Amino acid sequence: MDSLNDLQRQRREKMDKLIDMGINPYAYSFDRTHFADDTIKEFEKTGDETAEVSLAGRLMAIRRMGKAAFVHLMDSTGRIQIYIKKDIVGEEAYSMFKLTDLGDFVGIKGRLFRTRTGEITVQAQHVEMLAKTLRPLPIVKEKLEGDEKLVYDAFADKETRYRQRYIDLVVNPEVKQIFLKRSHIISAMRRYLEGRGYIEVETPVLQPVYGGALARPFVTHHNTLDMSLYLRIADELYLKRLVVGGFDGVFEIAKDFRNEGMDKDHNPEFTMMELYVAFEDYTFMMDLVEQMTSNLCQEVMGSMLLPFGDDMLDFTPPWPRKPYLKAIEEATKYDLSGKSEDEVRAIARSLKLNVDDVKGLGNLLDQIFSEFVEPTLIQPTFITDFPIELSPLAKKHRKHAGLTERFEGFVARMELCNSFSELNDPVDQRERFENQAKLKAQGDEEAMVVDEDYLRSMEYGMPPTAGLGMGIDRLSMILTNSQSIRDVILFPQMRPERNKENN
RNA sequence: GAGGGUGUAGCUCAGCUGGUAGAGCAACGGCCUUUUAAGCCGUGGGCCCUGGGUUCGAGCCCCAGCACCCUCACCA
């Protein structure tokens with residue numbers, strides 16, 4: 001333990017002194033009756049100075065003045081000031097209190113009053129040590145200047161914040177708010193879907209054949225079966241098997257894993273909501289996305305108008321719906337409908353895109369779309385009718401050859417969701433899989449593999465079905481005005497820490 | 001994977017042209033029984049990210065590496 005710095009050593013010494021005084025620095029429980037914010041609100045209403053309150057939390061500010069002190073106690077609801085006076089709490093409790101540090105958990109019992117400066121404060125009758133901290137917490141100081149909150153010495157180092165989220169949460173209240181919002185988003189979404197009668201299910205994370213998306217998987221190994229298993233990249237193929245099995249509406253909210261790059265909107269594991277509804281098509285799903293998302297905005301954020309970066313997003317339905325090729329045409333002036341791969345490649349080149357390594361018509365179109373259309377999609381927008389090459393699980397468009405009945409919802413230049421009228425023709429599906437297999441053979445690592453059991457299930461008959469996948473992390477980013485996915489994932493993926501301290 | 005940036009005390013940051021390592025807050029000691037980012041006086045605290053090199057001498061210059069951030073590429 002010679003790696004301890006002075007601050008840590010001092011805290012250990014204080015803990016030893018507490019033990020010498022017969023005080024257990026780690027209490028077993030504390031009988032609390034109040035939380036900080038309720039206590040303050042209640043007192044504002046009643047002004048009752050006789051009511052007894054009992055609170056527990058961390059010491060976040062200590063102002064000692066000899067035989068008395070003001071401290072701020074923070075619990076899960078907020079902060080409240082405590083006044084601790086030696087004459088009242090007694091000699092013994094006060095000596096214990098002298099051994100407290102910022103960050104320690106204490107329990108307080110007392111009565112409320114208002115100080116000269118007007119702050120509602122607990123006059124402590126009783127103080128109790130509940131848990132000693134051995135490491136110093138970063139001290140963030142704040143001052144209210146009118147409506148503005150000035151923060152001094154903010155704990156801002158992103159690396160430490162992400163690696164040691166527990167500190168971030170204690171010290172930066174707005175961080176906690178974001179994760180409370182995220183939790184609220186998920187529960188409200190679940191309630192919405194259940195309210196429509198859909199059933200939440202769980203499907204395998206470990207899959208012998210991965211599928212349902214174009215992506216590279218993580219591979220793992222099962223010892224007893226002595227076989228490779230893949231961490232799912234999507235829930236899709238299992239959920240559709242359940243539609244075959246007779247579920248009219250199923251959804252799953254779960255982690256998917258993709259072995260690909262990381263950046264401000266990609267984490268290797270991320271949360272996806274997938275939903276499948278029998279006897280419906282993609283137009284139904286557009287309506288549902290619009291309604292569900294705008295409901296979430298209203299319920300969680302209290303508005304359908306939400307700021308994101310420099311933009312103001314308006315989620316009020318209906319959202320514009322624009323066909324994929326039309327969007328490209330508007331952005332580039334080129335009508336690509338019915339064009340061959342060579343023609344599209346030539347056009348891409350004339351648009352100054354480097355497409356030498358891009359294989360296949362679908363990927364060429366995708367390049368053009370990502371480059372010229374996606375960056376313009378700020379307000380919630382549905383892009384519809386994607387090329388068939390990009391959509392191996394979507395049903396052919398009922399009117400337009402070469403296209404599928406698929407849409408993606410874009411918000412703030414990000415793809416938020418992906419949906420289609422599900423391909424339920426097993427003969428067509430087999431051909432699509434085989435095309436994917438060809439791409440894979442040509443070296444496309446993201447191409448799909450043929451899933452024979454999935455094809456078999458479809459041969460038993462799958463009803464017409466509308467399917468949807470929505471990224472929960474991105475939805476959380478958009479609703480909470482977070483510019484990085486790492487700000488809405490509690491423990492984002494990081495490289496292992498170098499072994500500075502061996503614990 | 002490519003380019004740029006950052007890395008100094010528990011936190012936030014200075015550190016000149018290479019010459020013994022600095023501030024505020026926090027901590028410790030003393031005084032202080034209604035204070036509030038911050039009372040007053042005093043004290044301690046550093047593998048300057050790591051490893052090499054240049055130099056009489058490196059926090060600073062050079063080389064290599066590590067971590068994180070930003071942009072780009074791939075993906076949701």
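Just a few scattered comments:
- Long-range amide H partners of A:Gln125 with built H, under 5 Å: A:Lys109, A:Gly110, A:Arg111
- The Cα-based radius of gyration and maximum Cα-Cα distance (Dmax) for segment A:361-503 are 18.9, 64 Å.
- Solvent-accessible area, 1.4 Å probe, carbon plus sulfur percent, for chain A: 50
- Surface exposure of chain A, expressed per residue as accessible area with a 1.4 Å probe, stands at 51 Å².
- In a simple Cβ point-charge model (Lys, Arg +1; Asp, Glu -1; nothing else charged), segment A:6-137 has a dipole of about 500 debye relative to its Cα centre.
- Size-normalised alpha-carbon gyration radius of segment A:6-137, reference 2.2 N^0.38 Å: 1.02
- Alpha carbon centroid spacing (whole Å) that separates segment A:369-426 from segment A:146-174: 39
- Extension gain for A:Thr316-A:Gln291 works out to 8.1 nm (0.36 nm per residue, less the C-alpha to C-alpha distance).
- For segment A:193-205, Karplus couplings with θ = phi - 60° (6.51, -1.76, 1.60), whole Hz, Gly/Pro x: 5, 5, x, 8, x, 7, 9, 8, 10, 10, 10, x, 7
- Members of A:Lys333/A:Lys438; A:Lys86/A:Lys109; A:Lys176/A:Lys264; A:Lys255/A:Lys326 lying beyond 22 Å, as alpha-carbon distances in this model show: A:Lys333/A:Lys438; A:Lys255/A:Lys326
- Rounded to whole numbers, the Karplus 3J(HN,Hα) couplings from phi for segment A:371-384 are 6, 10, 9, 3, x, 8, 8, 9, 5, x, 9, 9, 9, 10 Hz, using 6.51 cos²θ - 1.76 cosθ + 1.60 with θ = phi - 60°, and x at Gly and Pro.
- Only helices enter the 222 nm calculation for chain A: every DSSP H run of n ≥ 4 contributes -39,500 (n - 2.57), and dividing by all residues gives -9500 deg cm²/dmol, rounded to 500.
- Set of aspartates and glutamates near A:Lys149 by C-alpha distance (under 14 Å), chain-local residues within fewer than 8 positions excluded: A:Glu174
- Hits among aspartates and glutamates - C-alpha to C-alpha of A:Lys41 under 16 Å, sequence gap 8 or more where chains match: A:Glu49, A:Glu52, A:Asp75, A:Glu119
- Nearest-20 debye value, chain A charge dipole, Cβ charges on Lys, Arg, Asp, Glu: 1740
- DSSP-defined beta bridges in chain A - what % are antiparallel, rounded to 5: 90
- Relative intensity of chain A on a log10 scale, I(q)/I(0) at q = 0.06, 0.09, 0.10 Å⁻¹, equals -0.41, -0.79, -0.90, per a Debye sum over C-alpha point scatterers of equal strength in the absence of solvent.
The values are calculated or read from the model by the stated rules, or taken from the named source; none is laboratory data. Fair warning: this is a prediction, and the values are worked out from it, not measured in the lab. All Cβ positions, even for glycine, are placed from backbone atoms using ideal geometry, and neighbour counts span all protein chains on display. The area values use the complete protein model at the heavy-atom level, side chains included, leaving out ligands, DNA and RNA. Shrake-Rupley method; radii C 1.70, N 1.55, O 1.52, S 1.80 Å.
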